[in-house]
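Participant: Just passing along the structure, written as structure tokens.
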Amino acid sequence: MKPLLSRLWRTFCLMLANQPSLTLYFLPLIQRLWPGFLPGLYRARLVSQQWQTTDMLLLTVKVSERWTGFVPGQHIVLTIKNNGRYLSRPFSICSSLKLWQSQQQIQLCCKVNAMGEVTPLLAQLANASMLNISLAQGDFHWQQPDLPAMFIAAGSGITPVAAMLLSQRHWLAPVTLHYRCRGAENAALLTALQQLATRQPLFQLQLSDSRVEPAAAWQQQLIADISHQQFYLCGPAAFMQQQRNALVNAGINSTAIRQEQFGVAMSGPADPEADASTLSGHFIRAGTRIAVSLNRQQSLLQNAEQYGLTPRFGCRVGVCFQCVCDKVSGQVRDIRSGDLSGHGAEQIQLCVSQPVTELVIKL
């Protein structure tokens with residue numbers, strides 16, 4: 001009965017105000033009373049920021065008491081306002097459950113891309129700045145702590161892995177973390193993980209420097225250590241595909257391997273140290289078909305704007321529905337919920353849709 005009533009109420013709101021919720025219709029008035037309010041999101045205050053490496057920034061934020069918490073390994077969508085525009089990007093929580101339970105705080109370790117639209121702004125935030133975050137999302141979590149486990153991480157993929165390891169209170173089986181990085185100076189969250197390895201005899205940290213240890217030699221080390229019963233991979237898509245293939249070829253059942261990424265894994269030969277993060281696609285504008293290279297980590301609205309296209313938009317966070325357009329073919333992911341679309345024709349919101357496969361979009 002509840003789903004039916006929800007659908008009827010949404011239909012009524014669309015008929016009355018051309019919005020799926022009356023909250024959205026009255027949003028400008030609500031924001032005059034509560035600046036920064038966004039429906040469906042939660043307020044968070046920046047407590048501190050600290051550089052972990054030259055391009056990895058650790059943010060500590062105090063979250064609203066209404067926020068319902070997280071399972072270690074999950075991520076949130078962080079939304080900030082810049083020059084009147086709301087910008088959103090997903091980040092994995094890297095801190096322990098204890099920090100949230102005791103201080104109502106979480107930490108995000110964000111890789112700052114100088115050419116990005118969101119991450120360079122994070123370093124400019126002043127302490128006490130107000131942010132918006134989504135509910136925690138994703139199903140990448142440590143499922144069976146009572147079985148021996150191997151974690152394999154590279155780059156910013158260490159963030160959800162660190163949350164899982166640092167949150168574990170009762171260690172019941174041996175655990176090994178293989179952390180691939182370009183030198184210890186580029187290994188984010190390394191100090192906390194080293195401290196964990198010092199005080200917890202069941203946890204072993206293996207740091208691999210990609211500058212001096214070839215990928216093939218490192219993979220041989222992984223294959224030689226497959227006595228574990230569950231495997232967790234997180235890092236660049238091409239890197240994970242390479243490690244997954246190596247484990248499967250060594251006799252590991254694919255059902256024992258879990259992985260997390262904000263893009264889709266690449267098939268075929270790939271550089272295990274690089275993140276192939278683009279897809280081919282086409283935007284159709286006024287009957288003209290424009291070939292583009294789509295960045296998996298950005299919304300379709302951001303991708304279109306980088307090619308000089310100017311689709312209609314409003315809030316940029318999926319609230320106002322001004323950027324709705326037709327997807328002719330291909331699959332997209334909703335950056336708020338992680339839900340995948342179908343592969344056929346349908347309407348999507350450019351500002352909250354990320355490319356998953358090759359796309360044809362009619363603006």
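Participant: For Thr278 and Ala123, FRET efficiency with R0 = 25 Å and r from the beta-carbon atoms, rounded to 0.05?
Facilitator: 0.50
Participant: Return the Cα extents of region 50-142 along principal axes one, two and three, sorted largest first, each rounded to a whole Å.
Facilitator: So the three principal-axis extents are 33, 27, 24 Å.
Participant: Let me ask something additional. Based on alpha-carbon atoms only, what is the radius of gyration of region 280-363 relative to the globular estimate 2.2 N^0.38 Å?
Facilitator: 0.95
Participant: Hey, can you grab everything whose amide H is under 5 Å from the amide H of Ser329? Only 5+ residues off in sequence or another chain; H modelled, so Pro and N-termini drop out.
Facilitator: Residues meeting the criterion, in which the H sits 1.01 Å from N, are Val360.
Participant: Could I get the Rg over Rh figure for region 162-236? Both from C-alpha atoms, Rh via Kirkwood, rounded to two places.
Facilitator: 0.95
Participant: How big is region 39-81 along each principal axis, measuring the range of its Cα positions in Å and listing the largest first?
Facilitator: That works out to 34, 25, 16 Å along the principal axes.
Participant: Note down the Stokes-Einstein diffusion coefficient of region 74-207 in µm²/s, whole number, using a Kirkwood radius over alpha carbon pairs, 4 °C, and 1.567 mPa s.
Facilitator: 80 µm²/s
Participant: Could you state the number of Å between the C-alpha centres of region 284-363 and region 121-199?
Facilitator: Here the answer is 31 Å between Cα centres.
Participant: With θ set to phi - 60° and the Karplus curve 6.51 cos²θ - 1.76 cosθ + 1.60, what are the ³J(HN,Hα) couplings of region 195-210 in order, to the nearest whole Hz, using x for Gly and Pro?
Facilitator: The phi angles translate into 5, 5, 5, 6, 9, 10, x, 7, 10, 10, 9, 10, 9, 10, 8, 5 Hz.
Participant: Moving to a separate point now. How large, in percent, is the carbon and sulfur part of the accessible surface of region 138-201 at a probe radius of 1.4 Å?
Facilitator: Percent of accessible area from carbon and sulfur atoms in region 138-201: 48.
The values are calculated or read from the model by the stated rules, or taken from the named source; none is laboratory data. Quick caveat, the model's predicted, so the values are computed rather than measured. Quick reminder, even Gly has a Cβ in these numbers, built from the backbone with ideal geometry, and neighbours come from all protein chains shown. Side chains are part of the model used for accessible areas, which takes the heavy atoms of the whole protein and leaves out ligands, DNA and RNA. Shrake-Rupley method; radii C 1.70, N 1.55, O 1.52, S 1.80 Å.
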